Amino acid sequence: MKALIQTASPETGQKEIQKGYAFYKNRGVDMPHPMELMTASPGYFSIMFNRSLYYSNHPHLSFSLLAHIRYFASCRLDYGFCKTFNKEQLMKMGMTNADFQAMKDDPAKSLLEENEQRMLSFVIRAMDDPEAITKDDIEGLRTEGWTDADMLDALAQGVGMMDHNIFMRVFKPRGA
């Protein structure tokens, strides 16, 4: 990846950056371009890598739910790289182009469990119109078994796409 700023390779990066490259390699994927871009700042990379580790081991938010959140957030932000990346992740889990077409206008047609669909809907609505979220929305998610931490973590996953999107647009990595 060649960007307007200098990034670190697995060979030249500090220990935490090398650990990040190894983490993704062990999972059978290349380090995502936004994470690779963040190697320009070892401190920031460390923060974001630890965030990725946190979500990869989240006690309640499934990989599928998180990928759906990132996919829908990236669609709303017109963030092409992340939209494509997460669509590919969801297709590896069995989704088809027909499933994506069905979800396009109605996210409730996702292949998620019902309580996960409600969380996805909450995140999408919160990103589209934060002031529209009410106490009833929060209570409804609690009734579904979601904790306050789960709600904050799910929403953070969606809004976290904003910084990645802007970084990618500003620093313009090629091939991304």
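The values are calculated or read from the model by the stated rules, or taken from the named source; none is laboratory data. Here the structure is a predicted model, which means the values were calculated and not measured. Note: ideal-geometry Cβ built from the backbone for every residue, glycine included; neighbour counts use all protein chains shown.
Given the structure, is F72 farther than 18 Å from S52 by Cβ and surrounded by 21 or more Cβ atoms within 10 Å (Cβ to Cβ)?
Here the answer is yes, as F72 does meet what is asked.
Right, T39: of a type in the set (V, I, T) and touching a Phe, Trp or Tyr at 6+ places or on another chain (Cβ under 9 Å) or not? Working first, answer last.
On the way: of a type in the set (V, I, T): yes; touching a Phe, Trp or Tyr at 6+ places or on another chain (Cβ under 9 Å): yes.
Yes: the conditions hold for T39.
If we keep just the residues of region 34-63 that are of a type in the set (S, T, Y) and modelled with pLDDT of 95 or more, which is surrounded by the most Cβ atoms within 10 Å (Cβ to Cβ)? It would help to see each step written out before you state the result.
Within region 34-63, the subset of a type in the set (S, T, Y) is 39, 41, 44, 46, 52, 54-56, 62.
Narrowing the set further to residues that are modelled with pLDDT of 95 or more leaves 39, 41, 44, 46, 54-55, 62.
On the way: T39: 28, S41: 14, Y44: 13, S46: 17, Y54: 11, Y55: 18, S62: 13.
Among those residues, the one meeting the criterion is T39.
With the checklist (1) in contact (Cβ under 8 Å) with a residue 24 or more places away in the chain; (2) surrounded by 19 or more Cβ atoms within 10 Å (Cβ to Cβ) in hand, flag the one item M93 doesn't pass.
(2)
Considering only residues that are free of Cβ contacts under 8 Å to residues at least 24 places away in the same chain and in a helix (DSSP H, G or I), which ones fall in region 7-43?
K15, Q18, Y21, A22, Y24, K25, N26, M35, G43 - these are the residues of region 7-43 that are free of Cβ contacts under 8 Å to residues at least 24 places away in the same chain and in a helix (DSSP H, G or I).
What pairs come out if I take residues in region 162-175 that are not assigned by TED's automatic domain parsing to the domain that holds V123 and pair them with residues that are loosely packed, with under 12 Cβ neighbours inside 10 Å whose C-beta lies under 6 Å away, six or more apart or interchain?
So the pair list comes out as F171/L4; K172/L4; R174/K2.
Being closer than 17 Å to H58 by Cα, surrounded by 12 or more Cβ atoms within 10 Å (Cβ to Cβ) and of a type in the set (A, V, I, L, M, F, W, C) is the filter here; which residues of region 138-152 pass it? Reasoning before the result, please.
Taking region 138-152 first, the residues closer than 17 Å to H58 by Cα are 145-152.
Imposing the further condition that a residue be surrounded by 12 or more Cβ atoms within 10 Å (Cβ to Cβ) reduces the set to 146-147, 149-151.
Within region 138-152, W146, A149, M151 meet the criteria.
Condition test on F81, is it farther than 17 Å from K172 by Cα, among the aromatic types (F, W, Y) and in the same structural domain as G145 (by TED's automatic domain parsing)? Walk me through how you get there before you give the answer.
Working: farther than 17 Å from K172 by Cα: no; among the aromatic types (F, W, Y): yes; in the same structural domain as G145 (by TED's automatic domain parsing): yes.
Considered against the rule, which asks whether it is farther than 17 Å from K172 by Cα, among the aromatic types (F, W, Y) and in the same structural domain as G145 (by TED's automatic domain parsing), F81 comes out as no.
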